[in-house]
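Notes follow the structure.
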Amino acid sequence: MPPRRFYAIAARTTPLTRTEAPVPAPSSSPSPTTHRVRRSRRRKVGALAGVFALATTGLGLWAGTGFGAEAATAAVPTPDHVVVVVFENHAYNQVMGSSGAPYINSLASGGASLTASYAETHPSQPNYYALFSGDTQGVTDDSCVTPGFSDAPNLASEVTAAGKSWASYNESLPSEGSTTCKSGKYAQKHNPWFGFSNVSTSSAHTFGAFPTDFSKLPTVSFVVPNLCSDMHDCSVSTGDTWLKNNLKSYADWAKTHNSLLLVTFDEDNRLSGNRIPTVLYGQPVQAGSTSGTTYNHYDVLRTLEDMYGTSHAGNAADAKDISGIWAS
C-alpha cells in the first residue's frame, strides 16, 4: 500500500477523541479548538508514519538476511567438555596434507579445518599467553617467568568464575602443580597458567592424571605434550602418533557426547607467515567442513569464552567467533 493512501485510511479509521468531536466547520478565523484538533491529527499521522517506516525497515532487513537468518555469525555451541591440544613450531603445509600426520588429517576429514589460522608472534611463549589470556602479558621470549607474576583475566579464571571447571594436563611435569622452569623434556614456557596468580597451581596436573572416564574431565582443559611429543624436538610423525595413541579414545567419545577436541599450534616454522594448522573434532562440528576465514589465537580464545558465556580477556574482546563449521 503506498504510504499516502495508508495514512489516509489510517486517519479515517482512527476513532475520534472527546476533543475532536464534533468538529466545527472551518472559518476564516479558526478557533483555538480547531487548532488543537489539527495538531492532534498531525501527531497521529506522524506517529503512524514512524510505525510504517520502522515496519518497512524491518522488512528490508529480512529481505537482506533471509527470514530467520542470524544477524552476524551463527552462535557457537556449548560442549560438555573441550580439550585443547597445542603442538609446536610447524606451518600449515608441514602438517595438513602431509603423509607424516595421518591422524591429524583424519580429524580434519571427520571434523573441521581452519585453513587460514595464524599465530600472533615469535617465539613460542608469547603465543601461549595470547591464546590463554588474550595478551602476551609483556612476555617476549622463552625465558621462564616468575610464577603468578600476572593477575590479568584469562580463560581459566573466566571459566571458573562462570561456575565451570578448568584444568591443564602437562606431559613430563615433574609433579602435580610444579612451577619448575625445566625438567627433562618438560618446559614451563609452554604452560602459561603458571604465570597467573588467579589460576590455582592445583589445577595443573601431570598428563598421567588425564581421566580415562572422560565424563570426569573438567569443562575446559588444555593438554600440553612434552618437547618431543609436541613436535618441537621431534618429527611431525612423532607428534601425530602421540596424539592418536593418547587422545583418540577421547576424540571418538567426543563424537557422541557433545564434546570437542581442538588441535592447534603455537607458531609456524618462521617460514610461512605464521600460518598454522587448527583442527576441530567432535559432535558439535560439521564433519568435513572447512573455513577460509582468517583466525588467530585471540579468535580461538573468544570462541572458547563465548561457548560458556564468560567475559572476554584482553584482545579477545575485539576478536570474532569461529563460524561456518558447527553442526546444526
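Values quoted throughout were computed directly from the atomic coordinates according to the rules given, and no laboratory measurement underlies them. Note that the coordinates shown come from a computational prediction; the quantities given were computed from them, not determined experimentally. So basically every Cβ, Gly included, is an ideal-geometry build from the backbone, and we count neighbours across all protein chains shown.
For the range 227-242, the tally of residues that are in contact (Cβ under 8 Å) with a residue 24 or more places away in the chain and farther than 21 Å from P174 by Cα stands at 5. When the range 278-326 is filtered for residues that are under 19 Å from L260 (Cα atoms), under 13 Å from the mean Cα position of the chain (by Cα) and hydrophobic (A, V, I, L, M, F, W, C), the ones remaining, listed by number, are L280, V300, L301, L304, M307, I322, I325, W326.
Being crowded, with 21+ Cβ neighbours inside 10 Å and basic (K, R) holds for only one residue in K216, K189, K185, K164, and it is K189. Counting only residues that are among the polar types (S, T, N, Q) and surrounded by 23 or more Cβ atoms within 10 Å (Cβ to Cβ), how many does the range 272-288 have? Selection size over the range 272-288: 1. Selection of the range 122-154 for residues being touching a Pro at 6+ places or on another chain (Cβ under 9 Å), without any contact (Cβ under 8 Å) to a residue 60 or more places away in the chain and of a type in the set (A, V, I, L, M, F, W, C) yields V139, V145. Restricted to helices (runs of 4 or more DSSP H) entirely inside the range 72-177, those with at least 1 residues that are more than 16 Å from the chain's Cα centre (by Cα) and more than 20 Å from C234 (Cβ to Cβ) are 102-110, 124-133, 155-161.
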